[in-house]
Amino acid sequence: MTLKPSYNKYKYLKPPFPLAGAYTSTVLSKLRITLHRHKVQPLLKNSIQETFVSKSGLKLSVHVNIHESSSKTLFVLPGYLSHHNTSYMQSSLEMFFNSGWNVIRINPVDHGDSLSLNKEVFNAHQHNEVAEFIEQYMKEPNHKYSLLGFSFGGNFAIRIGCLNVGNKLDKVVSICPMVDHSLSLDMMKSSFFKWYYRRKWLRTFKFKQKKWSDIDFSKVYKIKDFKEVTAALLPDILPQQLSLEEYFESYKITPAVIASLNVNATIIASKNDPVVPIMTFADLENNEKLNLIITNYGGHNGFIENYKFEDYSIKIAKQELET
């Protein structure tokens, strides 16, 4: 697959000060929710919430915006323990719905308002339940269905593209996907992000322990290392997993995974991503199934183009999904 010449603008774009920095672009991108509220609020009011129950019994909350007449639908997945109303999810809704797409934002287990629906804890193998929802939704003939995922949701999107449902998808786009979670954790230098992701998980544990009295996560509350928390919980979350290393390896995006894609995919990544190191993409190359687009700047799901806080990763994604 070949890259479009127009992407050179975004590959080498340096956002204005102070929006080019790895941390500033990542953190300040959250301001889009406030800055773009007047554009997004009408779409949020017209969104319909639905609950999907998988064959395994796990429940997902989905938020649906549908046109009366449209022949294309986009499924969108958030990052790790994020939700349908985070900044990049709202930007995706605005961009694609206003371009004629039906947009369905999916909250996997423990993401957003799916948290209260399941006693079970989120794990990386629950992309199967997301794929099950997508497949049961794909009922219209002569209809174009595509998938967009961010961060951990980008990991899910690529792996869903390797399942049978991938044969029914038109295209998959993954922005800042978690390629090698183990390596990313080892290389994460920012104490802020370590605190941020650990806080997300602890809040999830405490919510579940309060809602279901027979659950006790107190053994992990004082553990600060993400891998150690995972190791402590793994026997309960996924007892069939033999080791922590095996678990991380089971959802790593490798060349073999890319080769097994049943749909053309695009990965959009940033060289200065402070969460997903650019070196994790070193083994992935452009081929007949994959477009790998790496920008010089963007941080982790930041990609602030200008002082209007426009998201140029979603602009690239739109070009990819519409051609």
Exercise. Of all residues in the range 165-184, how many are more than 20 Å from Tyr88 (Cα to Cα) and either among the basic types (Lys, Arg) or at pLDDT below 95 (or both)?
Worked result: 1
For this session: Just name the residue that is surrounded by the fewest Cβ atoms within 10 Å (Cβ to Cβ) out of those in the range 36-90 that are basic (Lys, Arg) and without any contact (Cβ under 8 Å) to a residue 12 or more places away in the chain.
Result: Lys45
Seminar exercise, completed: Per the filter on the range 25-64, residues of a type in the set (Ser, Thr, Tyr), within 20 Å of the chain's Cα centre (by Cα) and part of a helix (DSSP H, G or I) are Ser25, Thr26, Ser29
Seminar exercise, completed: In the range 257-296, anything buried (at least 19 other Cβ atoms within 10 Å of the Cβ) and more than 19 Å from the chain's Cα centre (by Cα) is listed as none
Seminar exercise, completed: By residue number, the members of the range 219-257 that are within 25 Å of Ser82 (Cβ to Cβ) and among the hydroxyl-bearing types (Ser, Thr, Tyr) are Tyr221, Thr230, Tyr247, Ser250, Tyr251, Thr254
Exercise. Tell me, which helices (runs of 4 or more DSSP H) lie completely within the range 197-299 with 2 or more residues that are within 21 Å of Ile158 (Cα to Cα)?
Worked result: 244-250, 255-259
For this session: For the range 115-153, enumerate the residues that are buried (at least 19 other Cβ atoms within 10 Å of the Cβ) and among the aliphatic types (A, V, I, L, M).
Result: Leu115, Ala124, Val130, Ala131, Ile134, Leu147, Leu148
For this session: Considering every residue within the range 309-323, establish whether at least one is of a type in the set (Ser, Thr, Tyr), modelled with pLDDT under 95 and touching a Lys or Arg at 6+ places or on another chain (Cβ under 8 Å).
Result: yes
Exercise. Which of the residues belonging to the range 251-295 are among the aromatic types (Phe, Trp, Tyr) and within 16 Å of Val173 (Cβ to Cβ)?
Worked result: Phe281
Problem set entry | Check on Ile160, of a type in the set (Val, Ile, Thr), closer than 18 Å to Glu320 by Cβ and crowded, with 23+ Cβ neighbours inside 10 Å | yes
Exercise. Counting only residues that are among the hydrophobic types (A, V, I, L, M, F, W, C) and closer than 22 Å to Phe96 by Cα, which one in the range 22-35 is surrounded by the most Cβ atoms within 10 Å (Cβ to Cβ)?
Worked result: Ile33
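The values are calculated or read from the model by the stated rules, or taken from the named source; none is laboratory data. In this text the structure is predicted, and so the values were computed from the model without any measurement. Virtual Cβ from ideal backbone geometry, glycine too; neighbours counted across all protein chains shown.
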